[in-house]
Amino acid sequence: MKRVNSLKEALCALCRVLSASGSYWGPEVIRKSKFNRPEAASEFWTLLYCLLKHIFTGRRDSSPSAHEEITMADRVRYVKSVLQIQGYGRPGFYSLPDDGGEGSREILLAFSWLLHRVKILEILLAKKRVKVGDHVTICLCPHDALIQKSKDVSSTKKDVDVRFLQWMNGKLQFCWRTLYAARLEECAILHKVHSYTQGCHIDKAAGHLSVMETELIHQPKSCDKFLQAMESEMSCLEAYMEWKHLESVYWQWMDTVLESAYEDDHSCPTATWSSVCTFVPSSAQPLYMPTDINVLRKCVRDTQDQLHKLVVLRNPSLQEQIKETESQFSEKELIKIKQEVKKKVAQRKPQGVDAKDIHGSYRLLLKERKLQRSANKDCSVSDLHVTEVTKCLQSAIREMEAVYQELQDQCRKRLDDIIEELEGIICIPPAKD
């Protein structure tokens, strides 16, 4: 009886945190999903759709009523696509029908995987956080382009008018210019607010008021909304603390869900099953693990030992090759080569090493040129100079331009090869701007 009460409290705390996305989460939906109840499937699909929309698109109103125009099939396909991009690999989840009428247990397994791998609760709390200062989000981490090849490449429209594509391209460019102008205007207004209110803040690290603080002083009635937002954030944090206290109970309950799913799905191989049961916390001991895990560990250790021996054996020969190569060049040439190598390494640093630190939300502070970085040691938020971000962005722009130029050359060469095979056709390249 005590375990049942603890599970109910854990589910209630979890649903309280999830309700911060704008949609009401009830613990009964999660509980029914263990028994694969069909009546819980459609509601679970809708809740998960609203949650993922709120997390990955930043839509403020993520209540089910705001998505009434979206059909159930579109909701199901959206959730499946997001899970696929995030790396969820259970085939049974993707084989569920798009009508959303069954498979509540599979949805529960995918949802639990999101809890552990994607950290959706932490993302929700970060979005729910009330930011008093003026913040900007920066991400200069290297990302690999995800190119998904569709199985069905045939388009529904057989004939696409080029003029329509040109109109769409012009409309996109106009929207980008409008957005850029709005961002410039926002930066100018922020600078005015920071410069005019300099010296009014008790925080020495900032020294000026933010837009929200200026608004609260200008309109004291808006303090009620601010207090309501703070109370809402506090309630979410309290629910999250309660959830962390009872989280182990939830994962123990999920072990029983896995056992029930395993009993109903005997055709699933052990290797495939173990590959998708990855949401179990490291502190807990997973149930479904391959029987030859000790053999795999021994193979990994043996491979590491072999690699270490190879490195030890190769080091002397590599040193000798380096000395022989250096003997072929003069001292001036060696100095020049080392300088070129340093330049190339410095160009690669912003996207490889230093750029990893430039990620997340930073507070915008008005700084004078004479102030140094050490002046912000007492600041609770991360300190970042605009010049550092500018250098990283300029380096990224140079590399993107080089890649763009290379792609243009490849396309031009491919067009020339195609034109050579055609008779009576002359290709006139567009005029350069």
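Pick from 209, 216: which is surrounded by 11 or more Cβ atoms within 10 Å (Cβ to Cβ), without any contact (Cβ under 8 Å) to a residue 60 or more places away in the chain and assigned to a loop (DSSP other than H, G, I, E, B)?
Numbers: 216 fails: assigned to a loop (DSSP other than H, G, I, E, B).
Result of the check over 209, 216: 209.
Could we say that residue 201 is surrounded by 12 or more Cβ atoms within 10 Å (Cβ to Cβ), touching a residue at least 12 places away in the same chain (Cβ under 8 Å) and within 34 Å of the chain's Cα centre (by Cα) here? Can you show your working first?
Working: surrounded by 12 or more Cβ atoms within 10 Å (Cβ to Cβ): yes; touching a residue at least 12 places away in the same chain (Cβ under 8 Å): yes; within 34 Å of the chain's Cα centre (by Cα): no.
Against the criterion (surrounded by 12 or more Cβ atoms within 10 Å (Cβ to Cβ), touching a residue at least 12 places away in the same chain (Cβ under 8 Å) and within 34 Å of the chain's Cα centre (by Cα)), residue 201 does not qualify.
What are the residues in the range 374-423 that are open to solvent by less than 90 Å² (accessible area, probe 1.4 Å), at pLDDT below 75 and over 27 Å from the mean Cα position of the chain (by Cα), if any?
Selection gives 374, 375, 376.
Pull up the range 1-53, narrow it to residues that are within 26 Å of the chain's Cα centre (by Cα) and in a loop (DSSP other than H, G, I, E, B), then point me to the one that is surrounded by the fewest Cβ atoms within 10 Å (Cβ to Cβ).
24
Exactly one of (1) more than 26 Å from the chain's Cα centre (by Cα); (2) open to solvent by less than 90 Å² (accessible area, probe 1.4 Å); (3) modelled with pLDDT under 50 is unmet by residue 277. Its number?
Status for residue 277: all satisfied but (1).
Mind listing just one residue for me: the one in the range 219-241 that is acidic (Asp, Glu) and over 26 Å from the mean Cα position of the chain (by Cα) and, of those, least open to solvent (accessible area, probe 1.4 Å)?
224
Looking at 150, 62, which one is among the hydroxyl-bearing types (Ser, Thr, Tyr), at pLDDT below 90, surrounded by 14 or more Cβ atoms within 10 Å (Cβ to Cβ) and outside any helix (DSSP H, G or I)?
Values: 150 fails: surrounded by 14 or more Cβ atoms within 10 Å (Cβ to Cβ).
From the options 150, 62, the qualifying one is 62.
Taking into account only those residues within the range 98-116 that are modelled with pLDDT under 90 and open to solvent by less than 30 Å² (accessible area, probe 1.4 Å), which is farthest from residue 45 (Cα to Cα)?
103
Which number in (1) farther than 24 Å from residue 125 by Cβ; (2) open to solvent by 50 Å² or more (accessible area, probe 1.4 Å) marks the one condition that residue 195 misses?
Checking residue 195 against (1) farther than 24 Å from residue 125 by Cβ; (2) open to solvent by 50 Å² or more (accessible area, probe 1.4 Å), the one that fails is (2).
The values are calculated or read from the model by the stated rules, or taken from the named source; none is laboratory data. Everything numeric here is computed off the predicted structure, so don't read it as measured data. We place every Cβ from the backbone using ideal geometry, glycine too, and count neighbours over all the protein chains shown. Heavy atoms of the whole protein, side chains included, go into the accessibility calculation; ligands, DNA and RNA do not. Shrake-Rupley method; radii C 1.70, N 1.55, O 1.52, S 1.80 Å.
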